[in-house]
Each structure stands twice: as C-alpha cells, then as structure tokens.
Ligand code: AP5
Ligand code: MG
C-alpha cells in the first residue's frame, strides 16, 4: 500500500505513522526524520537542510525530492510505504506523481489528519523525541516515557526539537497553510483524500485511520 499522511505540525503524523506502518508492514518514510538523521551524522545534506529546518521553513525542493526518491528506491519500499511530511507543496506532489508513474505505481490514498490549532500547540509544547531516532516520539503529559527523559524504544536521551520553540511553530503553521494545505485539494482532484479527526487518544485516532485506509486498498494485499 502507498499512502501519504498529511496534517499540520504536531497533528500526530509521526505518532500514527509508527503504528500504522507496523500494522500494514510497510516502511515509514519521514522526510523530517531523514533530515534530522543527516544533521546528527553531519552529512552535506544535513548541513544544507539545517538552517531551513531551524527557521521552520521548507528545505528546498532540489534537496528534498532527491532524498525522498532515494528512500522510496530502497528495497524495503518495493511493496509500499507511508510518506510522512512529503510531499509538502504542489511541486513535490507533482514530482511524486511523476516518480510513481515512472515506476508504474500509484498512491492508494492520502490520509489527512485534522486537528484544531490550540491542540497542535499543546502537543508540540510537550513533545520530546529521541536523540538516536526522532521517529521515537513522546509527550510529557499525553505519552509519557516509562522513565523521565529516556526513550522506551532504545534507551536514547529525549530532547525537545529546536524547531518546537513557539516562534518557530508559528512559522511552521504559516508555511503549512500556505504551502502544504493546497496539496489536499490537489489530491482531492484525484479522489485520493480521506480526512479523519486526529482528536482523542492515539489509539482512537489509529482505529479511525485503519478504518479509513481499509476502504482505500487497491493492491489486494493484506
Ligand atoms: P517534520 O519533522 O515533518 O515536522 P512537522 O510536519 O512540523 O510535523 P511534526 O513532526 O512537528 O508533527 P507530527 O504531526 O509528526 O506530530 P507527532 O506525531 O510528533 O518536518 C520538520 C522540518 O523538516 C520542516 O519544518 C522542514 O524544514 C523540513 N522538511 C520536512 N519535510 C520536508 C519536505 N517534504 N519539504 C521541505 N522541507 C521539509 O506528535 C506531536 C506530539 O503530540 C507528540 O509529543 C505526541 O506524543 C503527541 N500526540 C500525538 N498524537 C496524540 C494524541 N492523539 N493525543 C495526544 N497527544 C498526541
Ligand atoms: Mg513528525
């Protein structure tokens, strides 16, 4: 199955992606996590991305699209994937369509997580992520790690993302409305969008997402 997850910063994309990809046995491809891994490894790609991410701006398409395509080319993505945070503007959506068409593939669905802005702000303010892997996501109130400051998954140190500061969050939300929201209409024109409420517990949202995705399945796989 090939799915795009879309929603504002802090909607719970990464949190849901971790569970959904386990349920569906497909890899979780998060361009944000890929950039953060490159930054912590000190790669050239990480150096190019860092200033944009720190400001809450989009990393240029020339860098982002190639990185996403390389990841989709990996053997573990041959049978499907869940894209989290990509595409993030109409140009990236067109590039993804061209990539898929070039491989004789298509998306099964675009899952749009809807959540009010005041909830997003609460979720981001309390978020802590793992230094070893930013896909390991916690919340000081809503998803507490077993031991404070320590990742349940790998024992890594939990920290607050530098782009989670209030002024950066405001810019990320502006960028989302301006650049990313239009791709929902782009995909609506392809009849791919299912919108669900991302309010409620993580488990409630997962149940809603799984029910919505069940109806989108076109590849006949389990
Ligand atoms: P990215 O890492 O993708 O950040 P984002 O889109 O801003 O989304 P977040 O990761 O902040 O939120 P999320 O929806 O994943 O929420 P989470 O599950 O963590 O991108 C970062 C930056 O990288 C961008 O600003 C840009 O610079 C660059 N970038 C990335 N992709 C790019 C692209 N394609 N093009 C250009 N630039 C790109 O949940 C948030 C918190 O809420 C957590 O603490 C969680 O525990 C909690 N939570 C989750 N669900 C619930 C629930 N149901 N109830 C209560 N709490 C919950
Ligand atoms: Mg995320």
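Quick notes
- In segment 135-158, the residues that are in contact (Cβ under 8 Å) with a residue 24 or more places away in the chain and away from ligand 1 (no atom under 12 Å from the Cβ): 154, 156, 157
- Scanning segment 192-205 for residues that are near ligand 1 (Cβ under 10 Å from one of its atoms) and surrounded by 19 or more Cβ atoms within 10 Å (Cβ to Cβ), we see that the one that is nearest to residue 116 (Cα to Cα) is 198.
Here is a yes/no grid of residues against (1) more than 18 Å from residue 128 (Cα to Cα); (2) surrounded by fewer than 19 Cβ atoms within 10 Å (Cβ to Cβ); (3) touching a strand residue (DSSP E or B) at 6+ places or on another chain (Cβ under 6 Å):
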site: 6; (1), (2), (3): yes, no, yes
site: 21; (1), (2), (3): yes, no, yes
site: 33; (1), (2), (3): no, no, no
site: 37; (1), (2), (3): no, yes, no
site: 60; (1), (2), (3): yes, yes, no
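- Failed criterion for residue 68 (all others in (1) away from ligand 2 (no atom under 14 Å from the Cβ); (2) crowded, with 18+ Cβ neighbours inside 10 Å; (3) outside any helix (DSSP H, G or I) hold): (3)
- Residue satisfying condition, being away from ligand 1 (no atom under 12 Å from the Cβ) and within 26 Å of residue 199 (Cα to Cα), within set 108, 97: 108
- Just one of the listed residues (1, 67) is more than 19 Å from residue 185 (Cα to Cα), within 11 Å of ligand 1 (Cβ to nearest atom), at pLDDT 95 or above and in contact with a helix residue (DSSP H, G or I) (Cβ under 7 Å, 6 or more places away or on another chain), namely 67.
- Leading residue by the ranking (nearest to the chain's Cα centre (by Cα)) among those in segment 35-45 that are assigned to a helix (DSSP H, G or I) and more than 22 Å from residue 180 (Cβ to Cβ): 40
- Residue within segment 166-173 that is at pLDDT 95 or above, within 9 Å of ligand 1 (Cβ to nearest atom) and under 30 Å from residue 108 (Cα atoms) present: yes
- If the condition is being farther than 18 Å from residue 87 by Cβ and either in a helix (DSSP H, G or I) or under 12 Å from the mean Cα position of the chain (by Cα) (or both), then segment 22-34 contributes 22, 23, 24.
- Residue 39 satisfies every condition listed in (1) touching a helix residue (DSSP H, G or I) at 6+ places or on another chain (Cβ under 6 Å); (2) under 24 Å from residue 100 (Cβ atoms); (3) within 11 Å of ligand 1 (Cβ to nearest atom); (4) free of Cβ contacts under 8 Å to residues at least 60 places away in the same chain except (2).
- Residue within segment 80-92 that is assigned to a loop (DSSP other than H, G, I, E, B) and farther than 25 Å from residue 183 by Cβ present: no
The values are calculated or read from the model by the stated rules, or taken from the named source; none is laboratory data. Here the structure is a predicted model, which means the values were calculated and not measured. As a convention, Cβ positions derive from the backbone with ideal geometry for all residues, glycine included, and neighbour counts pool all protein chains shown.
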